[in-house]
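Quick notes on the structure that follows.
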Amino acid sequence: MADILDSKSKRWINGMLRRVSFYGTREKGYADSGLWLFLKHVKTFDEHDRENPIKPLDVDKYQYLVYVFLHMLALNEMFMPKSRQVKMSWAAAIFATWYARTAPHRLIVVQSEKEDKANALVTKGRQDPSGGRMSFIEHELPWWLKDYNIIGGAGNRVGELVYTPSRTTEQGIVIPWFGSRILAVAQGPNQVRSLVPSLYLGDEAGMWDMFSETWTAAAAAVKSGGDTSKMFAFSSVYAGSQYNDAILEGIDVSEGKEGYQIEYSGIRAMDDIVNRLPSGKLPRGLRSFETPSGMPVLEVHYTADPDKRPDTEQGKAWMERASRPYINGGTASADWQREMEIDYFASGGSLVFPMASDPKAKIWHPVMTLRDVRNLGLKLYAGYDYGPRNPSAFIVWGQAPDGKWYAIDEIYEPCVNYVEHCKKIKTNKWSASKLIQKIVCDPQMMAEDQQTLSGKSSMLALFREQGVRMVPGNKGADLRFVQLLRYLWRDPANPQLVICENCWNLKREVQRLKWQPQSGKVARTSNLPEKIMDKNNHGFDASAYLHDTRPKPPEFVALKRGGMTWDQAMERIRRHEEEQELRRYAV
């Protein structure tokens, strides 16, 4: 604090400290939380920025962090699987240093794989007083918000930040957070059993050997502290880890449960908070769901960061740099899929379309306008996959006179209220322009399983009543669509089907589509089974229903009639094209 403070300055400081330490109220959607005032004064460091490494956290640019903080404010427990390089370590450090200020005698426990990693997140002690992320934050705060027990060194020990022990200073400044403490510990259940944290943070929990036992021990300790105590675990995902098992609750698609799918239907306890925000939904790059036992899960994907979106030149450049260290396939590698794409099953099953992971692949196309569609002479169609809790997907496709296909737009959300959902489909600019000639839907929509006032009805009939007319597609269309795509993408330099960058969900599904894995014994005695591993592919299925009903290229149809395997068919195409090329040169 300043050496001499007049009464006006003291009143101002006491008022500001009270504002910063106010937790906020759910009734106001936590807009009144002191966290937002604290954020304005926080600085972080960027090891990659040589000119300006110390800078504020720009939440106006990185809007997704606002949603992350809102989840941490509103929920008492949560898993946060994440991509690398999405500033989650900084988010955790900021939340912890602010949370320590919300009441006296807060105890925050930060647990990581190893003690030195936990210390790097909290503090490295007096020898390197601002070497940890949290100790750095403390040292960079404005003078009136600093805790001088930490800044002076007495409260800055290796792996431990100890805040001012007294309620007031000599000059009469009231310290709302006196006696609070942040403690760094290594992984293991015994590290937390004797503690009663107000806030527990599990860092890179996917790397832990004993996550299940540790989380159970921490939960018992945290919950003994009352309903206001909190615990969060954030990490990259690793197939087979206990962290993954906790998120998926033991489901393993490699053991034949290929029908399993994550229902990204949101977190019920967050509905009233998210609905208050301007968009009324999570921003791009964030997805949430609840495990079968009710544990909230918030995924933080790298595309939440506007600098890392592959549909921008800056994002493409970032992906090219970021993927270089992944030597076993770059963006198609299991390591990239696990650490960056949040693929819970990255160690099993091969990608159906490995080239789709390349942001420079020619199968990706810039966003198209109405003028572009008319100039190309596209005929528009749409596919639809219905989901009341899972996302419903409405994908608009256009076909050019030369036969080339373009995925030009998507609507991707659960059909919670079919009347409102139908309005969105009808007011979509392509529907409103009367350009869509046909919509092909999930055949399950024919099932008369909807109870209405006049008796049983189907979703297909209910949609028609709202003015959205569809025709049912065929079962098993997904595998046939895979075969068609492999044919249309046989020449990577000149693909006959492209996906526009605004079809973000369809693009992500295509990139993550995988084959069902098989045992080594089966692989030695039979050909690879053409069976898609997981079914979390709503946009892909919607597209499959449509394309399954449209005329196919004659060469493709001829190959499918021959009774050959797909690999044999593609080999025949390759030989035929080579023969055609030789004849051309011979002439």
Selected residue [part of a loop (DSSP other than H, G, I, E, B), modelled with pLDDT under 80, within 21 Å of the chain's Cα centre (by Cα) and more than 24 Å from VAL416 (Cβ to Cβ)] from GLY240, GLY225: GLY240
Residue list for the range 84-100, restricted to those being touching an Asp or Glu at 6+ places or on another chain (Cβ under 8 Å) and at pLDDT 95 or above: ALA92, THR97
What do you reckon, is ALA96 among the small types (Gly, Ala, Ser), assigned to a loop (DSSP other than H, G, I, E, B) and in the same structural domain as ALA246 (by TED's automatic domain parsing)? no
Can you confirm whether ASP335 is part of a helix (DSSP H, G or I), farther than 19 Å from ALA493 by Cα, acidic (Asp, Glu) and within 20 Å of the chain's Cα centre (by Cα)? yes
Candidates PRO325, PRO310, PRO278, PRO292, filtered to the one that is at pLDDT below 90, surrounded by 16 or more Cβ atoms within 10 Å (Cβ to Cβ) and not in a helix (DSSP H, G or I): PRO310
Among strands (runs of 3 or more DSSP E) entirely inside the range 392-497, those with 3 or more residues being free of Cβ contacts under 8 Å to residues at least 24 places away in the same chain are 450-452, 455-457
Does SER235 qualify as being touching a helix residue (DSSP H, G or I) at 6+ places or on another chain (Cβ under 7 Å), modelled with pLDDT under 90 and in the same structural domain as SER21 (by TED's automatic domain parsing)? no
Among residues of the range 366-415 being within 30 Å of the chain's Cα centre (by Cα) and among the polar types (S, T, N, Q), the residue modelled with the lowest pLDDT is ASN390
Can you find, within the range 38-79, the residue that is farthest from THR228 (Cα to Cα) among those that are assigned to a strand (DSSP E or B) and touching a Lys or Arg at 6+ places or on another chain (Cβ under 6 Å)? ILE54
Pairs, please: C-beta under 9 Å, at least 6 apart or cross-chain, first residue without any contact (Cβ under 8 Å) to a residue 12 or more places away in the chain and in the range 38-57, second of a type in the set (A, V, I, L, M, F, W, C) and outside any helix (DSSP H, G or I)? ASP46/ILE54; PRO53/PHE45
How many residues, within the range 295-307, are touching a Leu at 6+ places or on another chain (Cβ under 7 Å) and either surrounded by fewer than 19 Cβ atoms within 10 Å (Cβ to Cβ) or at pLDDT below 90 (or both)? 0
Check whether at least one residue in the range 498-509 is modelled with pLDDT under 60, in contact with a Lys or Arg (Cβ under 9 Å, 6 or more places away or on another chain), part of a loop (DSSP other than H, G, I, E, B) and of a type in the set (D, E, K, R), and report yes or no. no
Using the structure shown, decide if ASP271 is farther than 21 Å from TYR64 by Cα, outside the structural domain of ARG508 (by TED's automatic domain parsing) and outside any loop (DSSP other than H, G, I, E, B). no
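The values are calculated or read from the model by the stated rules, or taken from the named source; none is laboratory data. Note that the structure is a prediction, hence the values are computed from the model and not measured. Ideal geometry is used to build each Cβ from the backbone, glycine not excepted, and the neighbour counts take in all protein chains shown.
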